[in-house]
Each structure stands twice: as structure tokens, then as C-alpha cells.
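In what follows, a single structure is set out as C-alpha cells and then discussed.
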Amino acid sequence: MFIPLREQYTAHTMKKEHHYGRLIASLVACLIPGYVALYLFTTSIPGWYSRLKKPDFLPSDLIIFYAIILIFCLLGLSLYSIWNAGLNRSEVKAAFQLFLFTLTVFLLWFCSFFYLQALFFAFVIMVMVVAVMVCTLAQSLRSAVTSAFFIVPCLILMLIICYANLQMVLLNSGLPVWGIIP
């Protein structure tokens, strides 16, 4: 049976349904790791993080604090958009799995940078985060287009974090490569 292209597009990608339970669950699922990230960041500020040599373009700690909240809120909205596209389709399911992997690796970056104080190891992980986020964006463009509006700003912020992390590795070359064991 032939279905016009407009109806196919509308049926799969332009759902007008709003699932408030999914929205809340998506935001909570991303804000819990965000809370862990904020905890790791704020507990490091008075200690070793304040003694690091940082690049000049890095904003104040307060702006970084709010940027972390923004990233995890955008990730929550992205998760909602992917989930709302319908997890019964294989393309959407792949985007969902890539997204969850991105979220996990991003949390691993916070642990390696702020908990283990391993700048180089954190840089390697952040490169992985950016790569997986690009894959998530590509898969989302195939299956859940609206999520790209939330993924692109996250990707830009993650590229900035990656560059700042690299600069800190270069500026603090005397630190242990693999960090410390707390």
C-alpha cells in the first residue's frame, strides 16, 4: 500500500503528542547524573581545581556551574525528544542507546577529571564523549529530528570543554597523567 511521503513524515517524526510523564522522567534521568557532576565540580573548587593553571578563555566557576546545569537540562530534553519519537522503531532505539552511552561516558569524564584529577585521562574520555555525541546526533537526525535542536548546543559546549581540558593538560604538564587514587 502506497502512503504519501507527507503522511509518512508526519506519522513518524512530527508527533504532536505530549507525554508529561516521559518529559519528567527524561529530565530526572539526566539531572541525577547532573547532580553527581555538580557535586564533583563544587567539591573540587576549594581544593586542587583552584590551584590548576587554566586557559584565559575559561569563564568563572559560577558560570561553569550554570553551564553544567544547562547541559544536563538540554540532555534531558534531547532524551525526551528521542523517546517521544517511538522506541519501537529500530532507528530511534539506536539513537536512544547511543544517547544513554553518551550520558554514561560524560559522567565518567566528570569522575576522571574532578574525582581522580586525571587531566589527560579526562581529555581522552572527553574526545570519546564528543565522538559518541556526533554519532548520537547523526542517528537522531535519521530518527528523532527534534532532538538535534538540543544535541547541537550540548555538542558545542562539549567541544569547548574538550578544548579547555586539552589546554589544562598542556598548562599543567607536571601533574600525574593518570591522576591520583583518592
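Across the stretch 158-182, the number of residues qualifying as modelled with pLDDT under 95 and under 27 Å from W83 (Cα atoms) comes to 0.
Only one of L107, L100, L141 is closer than 20 Å to V28 by Cβ and free of Cβ contacts under 8 Å to residues at least 40 places away in the same chain. Can you tell me which? Exactly one residue qualifies, and that residue is L100.
Inside the stretch 81-95, residues that are on the phi < 0 side of the Ramachandran plot and touching a residue at least 60 places away in the same chain (Cβ under 8 Å) make up a count of 6.
Restricting attention to the stretch 20-70 and to residues that are among the basic types (K, R) and part of a helix (DSSP H, G or I), the residue that is surrounded by the most Cβ atoms within 10 Å (Cβ to Cβ) turns out to be R22.
When the test is whether a residue is aromatic (F, W, Y), modelled with pLDDT of 95 or more and more than 22 Å from S143 (Cβ to Cβ), Y49 does not pass it.
The values are calculated or read from the model by the stated rules, or taken from the named source; none is laboratory data. All figures in this text were calculated on a predicted structure; none of them were measured in a lab. Don't worry about glycine lacking a Cβ; one is built from the backbone with ideal geometry, like all the others, and counts go over all protein chains shown.
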